[in-house]
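Worksheet: one structure, shown below.
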Amino acid sequence: MLSIKNLQVRVEDKTILKGLNLEVKPGEVHAIMGPNGSGKSTLGYTLSGRPGYEVEGGSVTIDGADLLELEAEDRARAGLFLAFQYPVEIPGVSNMEFLKAALDAQHKAQDKEPMSSRDFLQAARAACKQVNLPAEFLKRGVNEGFSGGEKKRNEIMQMLMLQPKICILDETDSGLDIDALQVVANGVNSQRSPERSFIVVTHYQRLLDYIKPDFVHVLSDGKIVKSGDSSLALELEQQGYAWLQDQPAPAGEE
Amino acid sequence: MTEQIDRALQREYSAGFVSNIESETFAPGLDEDVIRRISAMKNEPEWMLEWRLKAYRGWLEMEEPTWAHVHYPKINYQDISYYSAPKSMKDKPKSLDEVDPELLATYEKLGIPLLEQQMLAGVAVDAVFDSVSVVTTFREKLAEAGVIFCPISEAIEKYPELVKQYLGSVVPQRDNYFAALNCAVFTDGSFVYIPKGTRCPMELSTYFRINEQNTGQFERTLIIAEEGSYVSYLEGCTAPQRDENQLHAAVVELVALDGAEIKYSTVQNWYPGDENGKGGIYNFVTKRGICHNDAKISWTQVETGSAVTWKYPSCILKGDNSIGEFYSVALTRGMQQADTGTKMIHLGKNTRSTIISKGISAGRSNNSYRGLVRMNSSATGARNYTQCDSLLIGDQCGAHTFPYVESRNPSAIVEHEATTSKVSDEQMFLCQQRGLDPEKAVSMIVNGFCKEVFKELPMEFAVEAGKLLEISLEGSVG
Ligand SMILES: Nc1ncnc2c1ncn2[C@@H]1O[C@H](COP(=O)(O)OP(=O)(O)OP(=O)(O)O)[C@@H](O)[C@H]1O
Ligand SMILES: [Mg+2]
């Protein structure tokens, strides 16, 4: 469903992604690990169409269609969701207002009827409950004064509401306590389905104990330098990234 | 991203149409004779004419103020026409059936149906078209409660004692240049009187429309709330889209007697001029209220229109324990300039005032907050809290804050907080990533920024104000 070929991306005057390849099929969960600054967030931003991320080469298709030519909002409407590493605050705009507007916009683009306020409220309350946020959070400003962990849970709550096809989670596990980690993992696991795929960016094997990935990739200096199954994550946990520096690129990934 | 937002700000001005109505309009020019003719058109008593002439003579000796942070070419007061009224209004229609349908259609197009059965239940409207009041609705219903709501020209005729007592009592004739001019040439506006202990049964509102070319609108509003009474009043304003600038110099006076409360809301949407600053209304307005013991006046304004705004709704907190509030949203875009704020003059003991100002600047506009908090020596135990927030959209606009504090009583407490923020790329991207288009994103972020002020508006108008911002921001992102 998502096919990334030889992707090269520049931010300002620095090339960050230097020929990245990744195939994500429906229903798959891919974990991406890698050192700080290797380009993991850059990949998420590029896929979701953040202005300032210049694609210098390569291609990305979603179900065969060119993803890169779509505006950010159209990518979202096509079912691409990014859970931000650092969710930003929008003071005065309630979570509820924000979510309803987002849902309405997406439903409209998909020629669906808008959700009634009643159904919306019910679904939103249920989603809050699932990520262990009190329903009062719906009335608070988007991320306004939320703790780090609450922000992350709020991202998952939005994902539950929007029902995207491709979910990119950028370090949603960092800064979470053990309980919250399980909450986030359960949120993801509850959404796993043959139609939905996940790209989970993380630094910690711990999350992958809860969310069993089909593939684990190591991103280093703008490229995927190693891919494997979930045992790769364990290996990384024990050995760090240094041993990968001298490895040749994995087969089928150049 | 900034570029995108800027494009989203290219707005359509939906109230910019011209109504084809035959009017009687004075030739441009201002002298004593013009004032006599205005007074004659209104069948005014001699004392009113004398009052106008005195103001005019005062005005001649005054100078146009230059301290505000706004720039505009010198106004030639002889180029303006000081009176214009639809011909059909000449024989004073007695009821709505007699009002020119074209006039009614104009208001309907603006979203203000004047037929009572079509109106928002619970809102009475005085519709002022250029220099005259066209119709005032629900008057009988209000009269049952003893409330007087009528054009000020009618009040001068029917309630001269009240008018004589209060007109100019809050804003003296020579208060400032534009107020003095207004005293000399004012044409219409609303008069409200709420009897003792009465809670006005409906929201009152006045809708001002400028239609004729080259005319100024000089409206005059006087609201008197007797002891222990309550009224909520709203004004709205629009004008056609024209290349020439037009002058609007209004005076509003509020009198809140002991224990009375007046809530005064404004949604100002005069034509702002085009992208390059051509055309638009000069909105030079003096609004002031006086609070007696335990009284409260609350000003709420949403200012999105006008080429230049010069406006400082103020409270004189004369009585002990009286309360003044000012909640303001001022949005400027394109080449608009706004210098707006308030004055809170604390005279009584334990008087309290709150100022919440939200300035939003986009395009190449300039948005200034100017406020004075004065604690007189008599204002023992007085308190003020001021919060001024500026939101910048793009990097070519300006936001300025000019807070003045004068405290002559050591027991008085004045608190001031100010912030400046931008609509950030991160916020925009978060919205877009969730499927919102950039326009919706900007208007949502701006609405959130204004929330504290919007919640002060009467329900129906809060929605309207939100929509107005949305329209104002339309096209600001592409
Ligand atoms: N605007 C920018 N200008 C210059 N360099 C940038 C800019 N944005 C990101 N970078 C650089 O790009 C590189 C990749 O950043 P990115 O955020 O994608 O890393 P990451 O893999 O997500 O790291 P982390 O694990 O710390 O989250 C970093 O070296 C970062 O400093
Ligand atoms: Mg990152």
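Quick check on the exposure proxy: order B:T300, B:T198 from fewest to most C-beta atoms within 10 angstrom. Please list the in-between numbers first.
Working: B:T300 27, B:T198 19.
Placing the least packed residue first, the sequence is B:T198, B:T300.
Given +1 at the Cβ of Lys and Arg, -1 at the Cβ of Asp and Glu and no other charges, the dipole of the range B:320-444 around its Cα centre is 360 debye to the nearest 20.
Which value, in Å to one decimal place, does the Kirkwood hydrodynamic radius take for chain A when every pair of different Cα atoms is included? Intermediate results must be reported in sequence, preceding the final value.
Values: mean 1/r = 0.0534 Å⁻¹.
This gives a value of 18.7 Å.
DSSP bridge analysis restricted to the range B:21-421 gives an antiparallel fraction near 10%, rounded to the nearest 5.
Is it possible to state the helix-based mean residue ellipticity at 222 nm for the protein assembly as shown, with each DSSP H run of 4+ residues giving -39500 (n - 2.57), the sum divided by total residues, to the nearest 500 deg cm²/dmol? What is it?
Numbers: 20 runs with 198 residues, N = 732.
It lands at -8000 deg cm²/dmol.
Taking amide hydrogens as placed 1.01 Å from N in the peptide plane, the amide H of B:R370 sits under 5 Å from those of B:T340, B:G341, B:T342, B:F402, each at least 5 positions away in sequence or on another chain. For the residue pairs A:K223/B:K422; B:K54/B:K358; A:K108/A:K152, alpha carbon separations beyond 31 Å are given by A:K223/B:K422; B:K54/B:K358.
What is the calculated FRET efficiency for A:L121 to B:F402, with r their C-beta to C-beta distance and R₀ = 45 Å, to the nearest 0.05? Provide the component values of the computation, followed by the final result.
On the way: r = 44 Å, r/R0 = 0.99.
FRET efficiency, A:L121 to B:F402: 0.50.
Projected onto planes of every orientation and averaged, the convex hull of the alpha-carbon atoms in the protein assembly as shown covers 35.0 nm².
Dipole of chain B computed with +1 at Lys/Arg Cβ and -1 at Asp/Glu Cβ about the Cα centre; of B:T221, B:M428, B:G341, farthest Cα towards the positive end is B:G341. Under a 5 Å amide H cut-off, with hydrogens placed 1.01 Å from N, B:V329 pairs with B:Q301, B:V302, B:E303, B:K358 among residues at least 5 apart or on other chains.
Remark: mean inter-chain Cβ contacts per residue of A:87-97 equal 6, using a 10 Å Cβ-Cβ cutoff to other protein chain atoms. How large is Rg over Rh for the range B:162-258, taking Rg from the Cα atoms and Rh as the Kirkwood inverse mean of 1/r across Cα pairs? Checking Rg against Rh, the ratio lands at 1.02. Packing, taken as the mean count of other beta carbons within 10 Å per residue, orders the peptides B:260-267, A:46-53 from highest to lowest as B:260-267, A:46-53. Each residue in B:F449, A:F120, B:F149 was given a count of other beta-carbon atoms within 10 angstrom of its own, and listing them fewest first yields A:F120, B:F449, B:F149. For B:K141, the aspartates and glutamates whose Cα falls under 13 Å of its own Cα, not counting residues fewer than eight places away in the same chain, are B:E116, B:E203.
Determine the relative contact order of chain A: mean sequence separation of Cα pairs under 8 Å and six or more apart, normalised by residue count, in whole percent. Show your work: numbers first, answer last.
Numbers: 462 pairs, mean separation 68.2, N = 254.
It rounds to 27 percent for chain A.
Here the Debye sum runs over all C-alpha atoms of the range B:120-214 as equal scatterers in vacuum, and log10 of I(q)/I(0) at q = 0.12 Å⁻¹ comes out as -0.43.
Computed about its Cα centre, the charge dipole of chain B is approximately 1100 debye, with only Lys, Arg, Asp and Glu carrying charge at their Cβ. Listed values for the range B:53-67 are Karplus-derived 3J(HN,Hα) couplings in whole Hz (6.51 cos²θ - 1.76 cosθ + 1.60, θ = phi - 60°), namely 5, 4, 5, 4, 5, x, 4, 4, 8, 9, 10, 5, x, 10, 6, and x replaces Gly and Pro.
Beta bridges per DSSP, both residues in the protein assembly as shown: antiparallel share near 20 percent. The mean count of C-beta atoms from other chains within 10 Å of the C-beta of residues in A:142-155, rounded to a whole number, is 1. Dividing the convex hull volume of the alpha carbon atoms of chain B by its residue count gives 134 Å³ per residue. Sorting the segments B:360-366, B:170-176 by their residues' average number of neighbouring beta-carbon atoms within 10 angstrom, most packed first, yields B:360-366, B:170-176.
Taking +1 at the Cβ of each Lys and Arg and -1 at the Cβ of each Asp and Glu, which of B:W310, B:T137, B:V99 sits farthest along the dipole of the range B:21-421 towards its positive end, judged by Cα position relative to the Cα centre? Selected residue: B:W310.
Among B:351-358, A:112-119, how do they line up from the highest to the lowest mean number of other beta-carbon atoms within 10 Å?
Details: B:351-358: 23.4, A:112-119: 10.6.
Result, highest mean Cβ count within 10 Å first: B:351-358, A:112-119.
For A:K226, go through the lysines and keep the ones whose alpha-carbon is under 24 Å away, minus same-chain ones fewer than eight residues off. Partners found: A:K5, A:K14, A:K18, A:K25, A:K40, A:K212.
Remark: mean inter-chain Cβ contacts per residue of A:73-86 equal 3, using a 10 Å Cβ-Cβ cutoff to other protein chain atoms.
Values in this text are rule-based calculations from the coordinates and carry no lab data. Every value quoted in this text rests on a predicted model; they were computed, and no experiment measured them. So basically every Cβ, Gly included, is an ideal-geometry build from the backbone, and we count neighbours across all protein chains shown.
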